[in-house]
Structure formats: C-alpha cells, structure tokens
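Student: Have a look at this one before I ask anything.
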Amino acid sequence: MFTYYSISAFINFLVSFLLGIFVLHKNRKEKLNRILSFWCFTVAFWSFFYFIWQIETKEQMALLWTRLLMLGAVWVPVAFLQTVVIFLKIEKEKKYLIIFSYILSSVFTFLLFTPLMVKKVEPTAGFEFWPKPGIAYIPFLVMFAGLSIYAVLLAYKSLKKETSPKIKLQIKYILFGMAISITAGSTNYFLWYDINIPPYGNILASTYVIFTVYVIIRHHLLNIKVIATEILSLGILLVSVVHILAAENFIKLVINLIIFIILLVFIIMLVRSVENEVRRKEELQKLTKKLAKANRKLKQLDRAKSEFISIASHQLRTPLGTVKGFVSLLMEGSYGEISEKVKEVLKKISTSNERLLSLVNDLLDLSRIEAGKMQYDFDYWQIEDIVQEIKDMLLLKAKEKGLYLKVDFPSPPLPKIRIDGAKIREVISNLVENAIKYTKRGGVEVNFKQENNLVRIIVSDTGIGIPQDEMLRLFSKFSRGKNVGRIDTDGTGLGLFVGRKIVKAHKGRIWAESEGENKGSRFIIELLIDGVEKEL
Ligand code: ADP
C-alpha cells in the first residue's frame with residue numbers, strides 16, 4: 001500500500017501544497033504570488049490524487065482518481081507558463097497566448113469526463129491499476145510539453161537580454177528546477193503506452209515548484225553552482241549507500257565502504273572548493289562595484305578640478321593682459337618721462353607678469369586638452385619663419401645668460417607644412433626656452449632635417465642633460481626633473497606635457513635624447529609635411 005510511489009506522491013503533495021499556502025500568506029495581493037500559488041495548487045492537486053490512486057484497491061475508484069489527478073496535470077503547464085510570463089513582466093505581449101492556453105486547458109478538462117483522455121485502468125508492470133490513454137491523450141501531451149517548453153524558452157531568451165545579475169540568477173534557478181522536473185516527471189508517461197519504465201523520477205516532480213518559489217520569495221540567492229554541486233554529490237553518495245546495503249558478502253561490503261569513504265572525502269573537498277570559489281567571485285563582484293563607484297566620483301572630481309582651472313585661468317588672464325599693456329605704455333613714456341630706476345622696476349614687473357601669463361596660458365591649454373576642447377586651425381606654414389621669430393624673441397634672453405642661440409637654416413628651404421602655426425610656435429619656443437633655462441655654459445642650437453614626408457626640428461643644448469630614469473617622465477603632467485629646482489624655481493612641469501599633446505594632435509612625434517647628466521639634451525619634433533585633415 002505505502003509504496004515508494006505513493007509516498008513520493010504524498011511528499012510532492014505536501015511540498016507543493018504547503019508552498020502554495022506559504023506564497024499566498026506572504027502577499028495575497030501581489031498578482032505574481034496569486035498565480036504562483038495557483039500553480040503550486042495544481043501540482044498539489046495532481047500529486048494528492050496520485051497518492052490516493054496509489055493506495056486504492058477498487059478498479060472503479062482508481063479510474064476516478066486517475067481522471068482527477070489528470071485534472072491537476074491539465075492545469076499545470078498553463079499555470080507555469082503564466083507564472084513565468086508575469087515574472088518576466090511580459091504579460092501584455094503574451095496576453096492572447098495565455099487566453100488561448102486557458103481555453104485549451106478547459107477543453108481538456110471537459111474531455112476528462114469522457115473516455116477520450118483516460119480510457120481505463122489495467123494491471124501494468126506491477127501496478128494494479130495503471131491508466132491507458134484515449135485518443136485525446138496525445139494532444140494533451142503535446143500541449144503539456146509545448147507550453148512547458150515555451151515557458152522555458154521565454155526564460156532562456158530573457159536570460160540573454162537581462163543585465164541584472166540577480167534576475168539572471170533567478171531565471172537560472174527556474175530553468176534548473178524545470179530541467180530536473182521535466183526529466184523526472186516524464187518517467188510518469190511511459191507506462192501509459194506499455195513502455196516498461198516505471199515512474200522512478202516522480203519524487204522529483206515538484207522540484208521546479210520548490211525552485212521557483214524559492215527564487216521569487218527569497219531575496220538573497222545561493223549560487224546555483226553550489227546547489228547543483230551539492231545535489232549531484234548527494235545523488236552519488238546515495239548510490240554509494242545503496243551499494244553498501246546491497247553488498248552480497250563481507251569483502252564486498254568492506255570494499256563498498258572504502259569507496260564510500262573516499263567518495264565522501266572527495267565530495268566534501270569539491271563542495272568546499274566550489275563554495276569558496278563562488279564566495280570569492282561574489283566578493284570580487286562587490287569590490288568591482290565599489291571601485292566603479294569610486295572611479296565615477298574621481299572622474300567627477302577631475303572634471304570639477306578642470307573646470308576650476310579653466311575658469312580661474314580665464315579670470316586671471318584678463319588682468320594680467322591689462323598689466324602687460326600698461327607696463328609697456330609706461331616704459332615707452334606714454335605717461336611722461338620716467339627715470340632709469342623706475343624703468344628697472346618696471347622691467348622686473350614685466351618679467352614677473354610674463355612668467356605668470358605663461359603659466360596661466362599653460363594651465364588654460366591643460367584644461368582645454370583635458371576637456372577635449374583644444375581647437376586647431378591648420379594651414380600651410382614655413383617652419384623656418386616660425387623658428388626665426390622664436391630666435392628673435394629669445395636671443396636677448398640667451399645673451400643675458402652668456403649663451404649662444406644658433407639656428408642652422410636649411411638650404412634649399414623646406415617645403416611648407418600643414419600645421420597650426422601658433423600652437424607649434426608655442427611648442428618649439430618652450431623647447432628653446434627650456435634649453436636656455438637648463439644650460440649654464442655653451443648654448444642652444446636649432447637644426448632642421450627632412451626625410452621623405454617628415455620634417456624634424458631639433459633643439460640641442462650643452463646644458464645639464466637628462467638622467468636616463470627621468471627621460472620617460474618628462475612629458476607627464478606637472479613632471480619636473482629632480483635637480484632642476486636649483487636652476488630654475490619657476491617651472492611648472494606643464495610645457496612638455498602640453499607640447500606632446502599638441503604634437504600628437506598633428507599626428508607627429510616629440511621625444512628627448514641625452515647622453516646623461518651634464519652632457520646636454522636634444523629635443524626632437526617630427527611633423528608630417530602633408531599634415532592632418534582639417535577636422536582634427
Ligand atoms: P618646466 O620647464 O616648467 O619644469 P617642462 O614640461 O617644460 O616644465 O619640462 C619638464 C622637465 O623636463 C623640466 O622640469 C626639466 O627637468 C626637464 N627638461 C626640459 N627641457 C630640458 C633641457 N633642455 N635640459 C634638461 N632638462 C630639461
């Protein structure tokens with residue numbers, strides 16, 4: 001009477017019935033909960049009459065119970081499909097499908113009261129009353145499989161589109177439970193057609209109810225990988241236990257016992273390592289999230305800083321320009337004769353003002369570069385003319401330091417090159433100024449070189465040189481050499497950074513060479529003769 005089958009049916013009933021009540025109890029107003037519990041009750045209904053049928057002794061009653069258990073089975077797939085549809089929030093799109101499935105299930109419900117679904121019960125494979133199908137049974141199976149598989153496909157499809165890792169995990173759970181239930185539950189159908197496979201799997205038929213309810217009700221989910229490993233391990237252990245119990249003699253018993261112990265050790269190790277891996281992964285995910293947040297904040301700060309520099313520089317430049325204008329008017333005597341002493345002072349003011357202005361200009365360039373707003377105006381320029389202007393401007397400075405400033409103009413002249421003249425002038429003049437700044441004896445020389453469609457401007461000096469380990473850092477933002485502070489206290493470490501950005505925007509290159517400390521330096525700019533397209 002109480003066989004494996006009746007007991008497993010009763011367990012299925014208990015599980016799905018209690019889950020149905022639990023889901024309703026949690027939140028009766030929520031539509032998802034209502035449909036979920038409806039689905040639980042269809043499974044409960046089916047397994048309840050499965051149980052009654054298994055313990056029945058009269059044929060006539062057994063036929064009635066099988067028809068009633070089928071009544072539950074008829075409504076299982078549509079309830080599952082609707083649960084999935086509501087869970088995935090695609091009710092509107094699938095409205096007609098659901099209506100159609102309800103009509104279909106009603107038709108099969110009606111047919112249950114005729115012999116078209118369950119024709120009769122007869123002894124089959126050890127069961128006293130196993131049902132035999134009528135002609136409507138195959139269409140029912142098609143509906144059952146069709147709706148269930150369609151629900152699985154919907155879940156699988158949304159798995160690909162879904163971005164939230166939590167919902168993804170939920171869907172995986174539903175699919176996983178479904179896979180177990182379909183495989184296990186399908187063992188119920190073979191005997192109907194006299195295929196000798198008894199319903200071994202029936203005990204697992206309500207797995208998907210458990211999984212789906214767990215997914216929808218619980219908020220923090222255990223990783224599915226852990227659960228899968230645990231279930232699999234449990235299965236293997238159970239098989240091993242059965243082997244021990246079935247041992248025919250003492251030796252076999254001992255061997256089976258040893259195998260069991262080895263398996264147990266392996267499985268414990270396996271489950272632990274999977275758990276560890278999963279935990280580490282989760283921690284990593286959390287960390288990544290935190291890092292992304294910190295990164296966003298940093299970016300915001302960086303933007304705020306750039307904006308601040310940009311605004312501050314704009315505000316500073318105007319008054320500096322005014323000071324420059326008035327100082328030069330004063331020096332020219334536009335406001336009356338001035339003494340040599342005052343002239344000296346004015347010159348000092350002018351030098352300091354120039355220094356400040358150049359700093360502000362560098363900062364402005366920097367903020368424009370960082371905001372991606374640096375504008376370029378490309379045209380054809382004779383590069384020697386630009387260098388000539390720079391020489392005129394800086395010759396006096398070099399002479400004051402007792403240095404020579406030579407330019408070796410090429411003959412014939414170089415072809416014109418397509419550049420933003422003002423910006424390239426800024427870059428070269430910074431190089432020449434640096435060369436003067438960082439040279440105590442000797443001087444500075446500018447050379448030109450043409451190679452195919454490239455032009456090189458080489459600024460060499462006989463100054464303090466650059467140590468090998470500083471060579472790469474020179475072009476970074478705010479980077480200054482270790483020893484230069486003694487020679488020049490005003491530098492910002494921005495000139496070469498801005499210079500490289502400008503040269504890069506020209507698709508050119510800029511780099512430094514030096515034999516080492518006190519052996520002079522060479523800065524080389526390489527530009528394309530044809531330049532770049534206008535949009536750059
Ligand atoms: P700044 O000159 O304002 O410090 P730059 O970006 O123009 O900023 O230069 C960065 C650093 O590169 C300088 O601080 C210096 O250490 C090094 N440098 C640049 N030009 C020379 C040169 N001609 N000789 C030696 N060192 C140089």
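Student: Report the normalised scattering of region 339-445 as log10 I(q)/I(0) at q = 0.10, 0.20, 0.23 Å⁻¹, calculated by the Debye formula with identical scatterers on the alpha carbons.
Tutor: Reported log10 I(q)/I(0), two decimals: -0.39, -1.18, -1.28.
Student: Still on this structure: With just the Cα atoms defining each centre, how far is region 277-323 from region 62-82? Give it in Å.
Tutor: 61 Å
Student: Same structure, new question: If one computes P(r) from the Cα atoms of region 246-360, what percent of pairs lie at distances over 25 Å? The partial results should precede the final answer.
Tutor: Details: 4355 of 6555 pairs.
Every Cα pair in region 246-360 considered, those over 25 Å come to 66 percent.
Student: In whole Hz, with x marking every Gly and Pro, tabulate ³J(HN,Hα) for region 469-475 from phi via Karplus 6.51 cos²θ - 1.76 cosθ + 1.60, θ = phi - 60°.
Tutor: Couplings: 6, 9, 3, 6, 6, 3, 8 Hz.
Student: Compute the acute angle (0 to 90°) between the alpha-carbon long axis of helix 383-400 and the principal axis of greatest extent of the alpha-carbon atoms of the chain; round to the nearest 10°.
Tutor: Long axis of 383-400 versus the principal axis of the chain: about 60 degrees.
Student: Please compute the alpha carbon radius of gyration of the chain, then divide it by the globular-protein estimate 2.2 N^0.38 Å. Two decimals is fine. Present the calculation step by step, with values, prior to reporting the outcome.
Tutor: Working: Rg = 42.8 Å, N = 536, 2.2 N^0.38 = 24.0 Å.
Taking the Cα Rg and dividing by 2.2 N^0.38 Å, one obtains 1.79.
Student: Give, in whole angstrom and from largest to smallest, the semi-axes √(5λ) of the equivalent ellipsoid of region 4-221, with λ running over the eigenvalues of the Cα gyration tensor.
Tutor: Details: eigenvalues 182, 66, 49 Å².
Each semi-axis is the square root of five times an eigenvalue, giving 30, 18, 16 Å.
Student: Taking amide H atoms as placed 1.01 Å from N in the peptide plane, list the residues 5 or more away in sequence, or in a different chain, whose amide H sits under 5 Å from that of Gly465.
Tutor: Residues meeting the criterion, in which the H sits 1.01 Å from N, are Asn518, Lys519, Gly520, Ser521.
Student: Based on the alpha-carbon set only, what is the convex hull volume of region 74-121 divided per residue, in Å³? Write down the numbers at each step before the final one.
Tutor: Values: hull volume 2.5 nm³, N = 48.
Taking only Cα atoms, region 74-121 has a hull volume of 53 Å³ per residue.
Student: Let's test this: bin the Cα-Cα distances of region 285-338 at 5 Å from zero up to the farthest pair and state each bin's percent.
Tutor: With 5 Å bins starting at 0, P(r) equals 4, 17, 11, 11, 9, 8, 8, 7, 6, 5, 5, 4, 3, 2, 1, 0.
Student: Expressed as a whole percent, how much of the Cα-Cα distance distribution for region 110-203 exceeds 22 Å? Walk me through the intermediate numbers first.
Tutor: Numbers: 1954 of 4371 pairs.
Of all Cα-Cα pairs in region 110-203, 45 percent lie more than 22 Å apart.
Student: With a cut-off of 16 Å, note down the residues of region 487-517 whose backbone N falls inside the zone around a label point 7 Å from the Cα of Ala312 toward its beta carbon.
Tutor: 492-494
Student: While we're looking at this one, here's another question. Quick check: pseudo-label points 7 Å beyond the Cα along Cα→Cβ at Ile167 and Glu122, how many nm apart are they?
Tutor: 5.2 nm
Student: Follow-up. Which chymotrypsin sites (Phe, Trp or Tyr not before Pro) in region 1-65 pass both tests, a DSSP loop state and at most 15 other beta-carbon atoms within 10 Å?
Tutor: Numbers: sites: Phe2, Tyr4, Tyr5, Phe10, Phe13, Phe17, Phe22, Phe38, Trp39, Phe41, Phe45, Trp46, Phe48, Phe49, Tyr50, Phe51, Trp53, Trp65; in loops: Phe2.
Taking region 1-65 and a limit of 15 other Cβ atoms within 10 Å, the loop chymotrypsin sites (Phe, Trp or Tyr not before Pro) found are Phe2.
Student: To the nearest µm²/s, what D does Stokes-Einstein give for region 320-369 at 4 °C and 1.567 mPa s, using the Kirkwood radius over alpha carbon pairs as Rh? Working shown, then result.
Tutor: Details: Rh = 11.9 Å.
Answer from the Stokes-Einstein relation: 109 µm²/s.
Student: Loop-only check: which chymotrypsin sites (Phe, Trp or Tyr not before Pro) in region 430-536 are DSSP coil with at most 10 other Cβ within 10 angstrom?
Tutor: On the way: sites: Tyr438, Phe448, Phe475, Phe478, Phe497, Trp511, Phe523; in loops: Tyr438, Phe478.
Answer by residue number: Phe478.
Student: Moving on. Assuming R0 = 56 Å, what is the FRET efficiency of Lys299 and Tyr4, from their Cβ-Cβ distance, to the nearest 0.05? Mind showing how you got there, number by number?
Tutor: Details: r = 63 Å, r/R0 = 1.13.
Efficiency, rounded to the nearest 0.05: 0.30.
Student: A further question follows. With axes computed from alpha carbons, what is the tilt in degrees of helix 207-217 against the longest principal axis of the chain, rounded to the nearest 10 within 0 to 90?
Tutor: Roughly 50 degrees between the two axes.
Student: What is the ratio of the Cα radius of gyration of region 1-82 to 2.2 N^0.38 Å, where N is its residue count, to two decimals? Present the calculation step by step, with values, prior to reporting the outcome.
Tutor: On the way: Rg = 13.7 Å, N = 82, 2.2 N^0.38 = 11.7 Å.
Compactness ratio reported: 1.17.
Student: Right, here's the next one. Between beta-carbons, use under 15 Å as the cut-off and find the net charge around Thr207, counting Lys and Arg +1, Asp and Glu -1.
Tutor: 0
Student: Still on this model: With no solvent and one equal point scatterer placed on each C-alpha of region 379-528, evaluate the Debye formula and give log10 I(q)/I(0) for q = 0.18 Å⁻¹, two decimals.
Tutor: -1.08
Student: Give the angle, between 0 and 90 degrees and rounded to the nearest 10, that separates the Cα long axis of helix 224-245 from the longest principal axis of the Cα atoms of the chain.
Tutor: Value to nearest ten degrees: 40.
Student: Then there is this: At 1.4 Å probe radius, can you tell me the per residue accessible area of region 440-536 in Å²? Mind showing how you got there, number by number?
Tutor: Numbers: 5150 Å² over 97 residues.
On a per-residue basis, 53 Å².
Student: For Lys416 paired with Leu32, estimate the spin-label separation in nm (one decimal), with each label point 7 Å from Cα along the Cα-to-Cβ line.
Tutor: Placing both labels 7 Å along Cα→Cβ, they lie 7.0 nm apart.
The values are calculated or read from the model by the stated rules, or taken from the named source; none is laboratory data. Everything numeric here is computed off the predicted structure, so don't read it as measured data. Heads up, the Cβs are rebuilt from the backbone with ideal geometry, glycines too, and the neighbour counts pull from every protein chain shown. Surface areas here come from the heavy atoms of the whole protein model, side chains and all, with no ligands, DNA or RNA. Shrake-Rupley method; radii C 1.70, N 1.55, O 1.52, S 1.80 Å.
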